[in-house]
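To start, the structure itself, in structure tokens.
Any read-out appearing in this document is the output of simple, stated calculations on the displayed coordinates, not a laboratory observation. Worth saying up front: this structure is predicted, and the values here are computed from it rather than measured. Glycine also receives a Cβ, built like all others from the backbone with ideal geometry; neighbour counts cover every protein chain displayed.
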């Protein structure tokens, strides 16, 4: 694997799905770059969904402040810490993904990594998928 592939693999994570899509367009034939670009896109989506869910739950508990001040403050504080921890974990994973790709490693995240690996062979430049068909050849006598 050349240094260019490592660099493009790492760059796929820098701006999340945006650079993931750009790297898919720049290096569509390079499987290493393609894997990291796809994993970047999927990780971005997952990070958004997780962050959004935590924000919704935090908003609900913050609204409790208007019903019961003590309970609302306590729950908002707890979920504020949870939100901070989730953001910290997402940041560390993001930084590790960049580091691993730059070092030429294919570090697969649970679930997302397996999905990206399956998509490497099926997603083409146009964004459509192709299905591999197994064919049996018969020998003629």
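Could you tell me how many degrees, from 0 to 90 and to the nearest 10, lie between the Cα long axis of helix 31-63 and the main elongation axis, the longest principal axis, of the Cα atoms of the chain?
20 degrees
Comparing 70, 37, 47, which has the greatest mean-square fluctuation in the GNM of the chain with Cα pairs linked when under 10 Å apart?
It is 70.
Could you run the Debye sum over the Cα atoms of the chain, one equal point scatterer each and no solvent, and tell me log10 of I(q)/I(0) at q = 0.17, 0.21 Å⁻¹, two decimals?
For the requested q values the scattering log ratios are -0.87, -1.14.
If we count other beta carbons within 10 Å of each Cβ, what is the order of 49, 54, fewest first? Don't jump to the answer; show the numbers that get you there.
Values: 49 10, 54 18.
By the 10 Å Cβ count, ascending, the order reads 49, 54.
Let me have the 222 nm mean residue ellipticity of the chain computed from DSSP H runs of 4+ only, each contributing -39500 (n - 2.57), with the sum over all residues rounded to the nearest 500.
Numbers: 5 runs with 98 residues, N = 141.
Mean residue ellipticity at 222 nm (helix-derived): -24000 deg cm²/dmol.
If I take the Cα coordinates of the range 40-120 and project them onto the principal axes, what are the three extents in Å, biggest first?
52, 22, 14
Taking only C-alpha pairs under 8 Å that are 6+ residues apart, what is the relative contact order of the chain in percent?
Relative contact order for the chain comes out at 27 percent.
Going by how many other Cβ atoms sit within 10 Å of their own, how do 48, 35, 61 line up, fewest first?
Values: 48 13, 35 21, 61 18.
With the fewest neighbours first, 48, 35, 61 line up as 48, 61, 35.
Please arrange 66, 13, 102, 8 by how many other C-beta atoms lie within 10 Å of their C-beta, fewest to most.
Numbers: 66 8, 13 28, 102 17, 8 23.
Exposure proxy ranking, most exposed first: 66, 102, 8, 13.
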